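For reference, the structure discussed in these notes is given below.
The values are calculated or read from the model by the stated rules, or taken from the named source; none is laboratory data. A quick note: this is a predicted structure, and the numbers were derived from the prediction, not measured. A quick note on method: Cβ atoms are made from the backbone with ideal geometry, for glycine too, and the neighbour counts reach across all protein chains shown. Side chains are part of the model used for accessible areas, which takes the heavy atoms of the whole protein and leaves out ligands, DNA and RNA. Shrake-Rupley method; radii C 1.70, N 1.55, O 1.52, S 1.80 Å.
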Amino acid sequence: MSRRRRIGFWLAFAVVLALSAWLRKPGFVQGGFANHDVGGIMYNGMLLAAGKLPYVDSVEFKAPGTFYLAWLLGGGGRDIAAFQVWANVFALGSLALVMLGAYRLWGAWSGIVAGLVYGLHDVVLDTMDANYITWAQLPAIGAVVLALSTLRSRSPPGWVFALAGALACAATLCKRPAGIALLVVVVVAASTAWQRPPEGRTRVMLGRIGAVFLGVAAAALPVSVHYASAGEFGGLWRGFVLSEWGWRYVAQGSAIHASEAPREAVYASAYFLALPLALGAFALGGLAERKERLVLATLLLWSGLALASAAIGFRFYKGYYLAAAAPLSLLAAAPSGLLGTRSLRRWSLRLVALLPALLLVGRQSVLIEAERKNRMHAHDLGGRAIAKRVLQVTEPGDTLWLWGWHLWDVYAFTGRLSSTRFYKTMELTTSANDSTWRHPRSPLHFRDDLAAKALLAELEASPPDYIVLGSAVPVREFAALRRFLHTHYRRDRGAKLNRVQFWERRES
């Protein structure tokens, strides 16, 4: 590669990252919860800071990696502003890895194309938030890009596969579906061995796959040791690996029937990723060299697995598609693609083919601007107002219990922990969340089963000092809870916020 092209790439690299950082400016400075799921992440970070353990001291079905990040990067689970800044840094790192991956595979022009395509989508898909996918994306991309780099090496060193395995494990620890990166890394490790002569091929393949899982073990070791040293490895195994509550969440599905899921998956994929899907399809249909075809096949596998993982639970939420944006952007940047160096030789034909793509670029620009303006406004004012009242009537060390999805932010704002493991009861004491990417949730109804009974028993055993009930939760249907409240609590009439209920202990 000529020196001019290298300089051109690095200049473009800096410009693309700077532009993305500018578009993400609200996420760097707004400093609030854009998605209440992050309230759950922060709460578990607070548990770790207090010497407690998620899955043991909280009923949880999310992956633990983000909890440790909230502890380390989010001020012990209390500083959402700092956590948002780090999330955006991670997101910019993901964009950088996509560009560098394409640059390493196919050269400067491909790196620029991949960066532009990915940059047009990631700002919209992760909504400049600090949710699970944001943290998983960086190590997942790093794992696969590192593995892909071995396809162009005659004898890649084993440490490369070990590092790729460790990164894939880190991604899985942040979000389970990100484990598809591990599958891709294993496939690449096996395929590099099949390029060798038959003699010793099996031994080499097993050695490289073994190196991948050695990296996985190394990445999983710190969390495992942390739980084992507290005598709670079983809690980690049941809560994260077996995920007893998580399987229940997935199994209950959404409002979309299984027979409608394939069609809905196509609609959602086209809506969120039309541009990279179109450009990537063109690359697959182009004239690719032999080594390029192997890379394209791997990217196609990665893309297919990512799109399939977005269908889990039949909800097809926007953020799920961020995982597929990376491999599709790399596909779009292939030399045989529409924007590649070996595409249509006649620029007149290429421009005609690009016209629909330009329309999609314009559409993404509109979506980006709308998202940027949306993130300029606070989305957690209700949680801040509730937290203000909680701080007025409680003392440090007092405990809370909150019922309502939009209330999880209050834990971080107040520094108060829940008196029960059921710090969030969405899906446990209420009907299933049947919302999808384009249909809102149905009204909640009380679910009287094991979780509700366990929650009430823990409330009775350890009554919280203060209780807040959200405006959308079915309090009237939970008769046992109403009896508990009227026996041990009184309404705090000093706080008013829509239909939110505030309760303080009579003994207080």
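On the basis of being within 24 Å of Y118 (Cβ to Cβ), over 23 Å from the mean Cα position of the chain (by Cα), β-branched (V, I, T) and crowded, with 16+ Cβ neighbours inside 10 Å, does V188 make the cut?
Yes, satisfied.
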Quick one: in the range 118-131, of everything that is in a helix (DSSP H, G or I) and open to solvent by 10 Å² or more (accessible area, probe 1.4 Å), which residue is nearest to I80 (Cα to Cα)? V124
Identify the single condition in (1) over 25 Å from M426 (Cα atoms); (2) crowded, with 22+ Cβ neighbours inside 10 Å that F240 does not satisfy, given that it satisfies every other one. (1)
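Residue-by-condition table, conditions (1) within 19 Å of the chain's Cα centre (by Cα); (2) free of Cβ contacts under 8 Å to residues at least 40 places away in the same chain:
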| residue | (1), (2) |
| --- | --- |
| L97 | yes, no |
| A102 | no, no |
| L120 | yes, no |
| V123 | yes, no |
| D126 | yes, no |
| A143 | yes, no |
| L148 | no, no |
| S155 | no, yes |
Looking at the range 282-307, which of its residues are without any contact (Cβ under 8 Å) to a residue 60 or more places away in the chain and open to solvent by 60 Å² or more (accessible area, probe 1.4 Å)? L284, G285, L287, E289, R290, R293, L300
What about T172, is it surrounded by 24 or more Cβ atoms within 10 Å (Cβ to Cβ) and over 24 Å from W10 (Cβ atoms)? yes
Among the residues of the range 62-82, how many are under 15 Å from the mean Cα position of the chain (by Cα) and either more than 25 Å from E458 (Cα to Cα) or surrounded by fewer than 19 Cβ atoms within 10 Å (Cβ to Cβ) (or both)? 5
With the requirement that a residue be surrounded by fewer than 24 Cβ atoms within 10 Å (Cβ to Cβ) and out of contact with any Phe, Trp or Tyr (no Cβ under 6 Å at 6 or more places or on another chain), what does the range 42-59 give you? A50, G51, K52, L53, V56, D57
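Residues are listed down the side, and each one gets a yes or a no for (1) in contact with a Ser or Thr (Cβ under 9 Å, 6 or more places away or on another chain); (2) open to solvent by less than 20 Å² (accessible area, probe 1.4 Å); (3) among the small types (G, A, S); (4) outside any helix (DSSP H, G or I):
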| residue | (1), (2), (3), (4) |
| --- | --- |
| A140 | yes, yes, yes, no |
| L163 | no, no, no, no |
| I180 | yes, no, no, no |
| L206 | no, no, no, no |
| Y227 | no, yes, no, no |
Can you tell me which condition L456 does not meet? The list is (1) open to solvent by 10 Å² or more (accessible area, probe 1.4 Å); (2) under 28 Å from the mean Cα position of the chain (by Cα); (3) modelled with pLDDT of 90 or more, and all the others hold. (2)
Residues located in the range 374-425, provided they are small (G, A, S), touching a helix residue (DSSP H, G or I) at 6+ places or on another chain (Cβ under 9 Å) and open to solvent by 10 Å² or more (accessible area, probe 1.4 Å): A378, G382, G415, S418, S419
Go through the range 16-36 and give me each residue that's open to solvent by 40 Å² or more (accessible area, probe 1.4 Å) and under 17 Å from the mean Cα position of the chain (by Cα). N35
Name the residue, out of R506, R493, R483, that is touching a residue at least 12 places away in the same chain (Cβ under 8 Å) and either more than 14 Å from G404 (Cα to Cα) or among the hydroxyl-bearing types (S, T, Y) (or both). R506
Inspect all residues belonging to the range 427-438 and state whether any of them is among the polar types (S, T, N, Q), more than 22 Å from R78 (Cβ to Cβ) and in contact with a Gly (Cβ under 8 Å, 6 or more places away or on another chain). no
Answer residue from the range 474-508, given it is open to solvent by less than 30 Å² (accessible area, probe 1.4 Å) and among the β-branched types (V, I, T) and is farthest from L391 (Cα to Cα) among those: V475
